[in-house]
1. Step by step: first the residues of the stretch 173-202, then only those that are hydrophobic (A, V, I, L, M, F, W, C) and in contact (Cβ under 8 Å) with a residue 40 or more places away in the chain, then the one that is farthest from the ligand (Cβ to nearest atom). Which residue is that?
2. Quick check: anything in the stretch 109-125 free of Cβ contacts under 8 Å to residues at least 60 places away in the same chain, within 17 Å of Ile10 (Cα to Cα) and in contact with a helix residue (DSSP H, G or I) (Cβ under 7 Å, 6 or more places away or on another chain)?
3. Could you identify the single residue in Asn205, Asn243, Asn234 that is crowded, with 16+ Cβ neighbours inside 10 Å and either under 30 Å from Asn396 (Cβ atoms) or of a type in the set (Val, Ile, Thr) (or both)?
4. Any idea how many residues of the stretch 320-347 are closer than 11 Å to Gly253 by Cα and of a type outside the set (A, V, I, L, M)?
5. Taking the criterion of being of a type in the set (Asp, Glu), within 16 Å of the ligand (Cβ to nearest atom) and out of contact with any Lys or Arg (no Cβ under 7 Å at 6 or more places or on another chain), would at least one residue in the stretch 63-84 satisfy it?
6. Just one of the numbered conditions (1) surrounded by 23 or more Cβ atoms within 10 Å (Cβ to Cβ); (2) in contact with a Gly (Cβ under 9 Å, 6 or more places away or on another chain); (3) within 30 Å of Arg322 (Cα to Cα) is not true of His161; which one?
7. Does Val2 count as among the β-branched types (Val, Ile, Thr) and in contact with a Gly (Cβ under 8 Å, 6 or more places away or on another chain)?
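The values are calculated or read from the model by the stated rules, or taken from the named source; none is laboratory data. For clarity, every value in this text was computed on a predicted model and none was experimentally measured. Neighbour counts are summed over all protein chains in view; Cβ atoms, including those assigned to glycine, are modelled from backbone coordinates with ideal geometry.
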Amino acid sequence: MVNVIGLGYIGLPTALMLASHGVEVIGTDYNQELVATLNAGKTTFKEKGLDELFQNALASGVKFTSEYQVTDTYIVSVPTPYDKFSKKVDASFVIDAVKEIMRVCPKGATIVVESTVSPGTIDKYVRPVIETNGFKTGEDINLVHAPERIIPGNMVYELLHNNRTIGADDKTIGNKIKNLYSSFCLGDIVVTDIRTAEMTKVVENTFRAVNIAFANELAKICRHDDMDVYEIINICNMHPRVNILQPGPGVGGHCISVDPWFLVGDYPSITKVINQSMTINDSMPDFVLNRIYEIMQENNINDIDRVGLYGLTYKENVDDMRESPTLQLLESQERHLAPGLKVYDPFITSDVVKNQYHDLDAFLSEIDLVVIMVKHDEIYENSSKLANKIILDCQNIIKSGNVYHI
Ligand code: SAJ
């Protein structure tokens, strides 16, 4: 039986996927409300294909509880935020989960850490927890790192199809866990050592962060001298060896905006490109805010409450708001003691910020300038409703009308 610890964005789909493919699974989460929701037959977030997967897993006998189970295999998928001051990974949730496992697990058990951690974290923080409990890693307890790679919005497909990395002290254990993931994973699974697995995961997200920062810096250069960054990127990308990403209002989510900081925290004097890239990405919400004030001035809009932000999530067609650029922009605005911006997102049905609307028409009727922060399908489908608005399109999706860009 596999006990999946942490039933969030990664743990839940992983537990459901394993269960749907014939593995006996019990999911554990300390959040009793979350466990109650799952036990009431409801999923806890929206994701394409998740409800169907949930039904399959229920039919296959998956169970949810707040108790850690006595078993031979644990998969830990709890959050790993970063410390805002030191930039280092905050492994405390992983450490706590492993401590709880140590209370119940038998000798010979394998603990698979799925949570993203910086290179060396397992050696530095997880191994000692096991050893101070009187167990020896490699003999009494096997440690494995199997970082996930799935993208919100396409999680179910990617869980099935993406290649994976498994890091283990011992190849035999690595291959045993590879077999477990092979129950559902159709991609290639590479078995390596733990530190390499830790590093590859962080490097993948850092690669993307650096490339997004490059696009964002190009947007700033082009704004400075009134050039069309999108046309320039399109033309450059016709070069066979160039593939520039898209600028945007900032980088959100729990991965690309977080993991690269782990490397900056651990190697501060040698992470120049990464540090600068993260700083550029983090500057984008403020850059958008400045654009808003410029456009207001140009169009004689005197009240910030005639401006509305479309989109609260960190990216399109998901209900995930973690590290969202819109929330960062609103915080910045609050810090300047100038709240008032209106906000709307079709995926966020509860009230999370001031001046939030739950109906697109009502939102649009109250504003002159609409700022497209997120390219949800809804706004493509309703773009005709923007005909008489001034638009700051941070996603470059609106092709006609009175449109400004970042
Ligand atoms: N973004 C841009 N410009 C771009 C692409 C993205 O500004 O050209 C922004 C998005 O708007 C968003 C943020 O970056 O705010 C990140 O979005 P994303 O969709 O690229 O990535 P995530 O964070 O949802 O998922 C990433 C993925 N990692 C990589 O692409 C290397 C996913 O495969 C990982 O599993 C996930 O992080 C993770 O858990 O680490």
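1. By that ranking, first place goes to Ile173.
2. Within the stretch 109-125, one or more residues are free of Cβ contacts under 8 Å to residues at least 60 places away in the same chain, within 17 Å of Ile10 (Cα to Cα) and in contact with a helix residue (DSSP H, G or I) (Cβ under 7 Å, 6 or more places away or on another chain).
3. Asn205
4. So the answer is 5.
5. Looking for residues that are of a type in the set (Asp, Glu), within 16 Å of the ligand (Cβ to nearest atom) and out of contact with any Lys or Arg (no Cβ under 7 Å at 6 or more places or on another chain), one finds none in the stretch 63-84, hence no.
6. Single failed check for His161: (1).
7. Here the answer is no, as Val2 does not meet what is asked.
One line per residue, one yes/no per condition, for (1) within 30 Å of Ala146 (Cβ to Cβ); (2) at pLDDT below 95; (3) touching a Ser or Thr at 6+ places or on another chain (Cβ under 7 Å):
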site	(1), (2), (3)
Glu204	yes, no, no
Cys222	no, no, no
Met227	no, no, no
Asn234	no, no, no
Ile274	yes, no, yes
Tyr293	no, no, no
Met296	no, no, no
Asn300	no, no, no
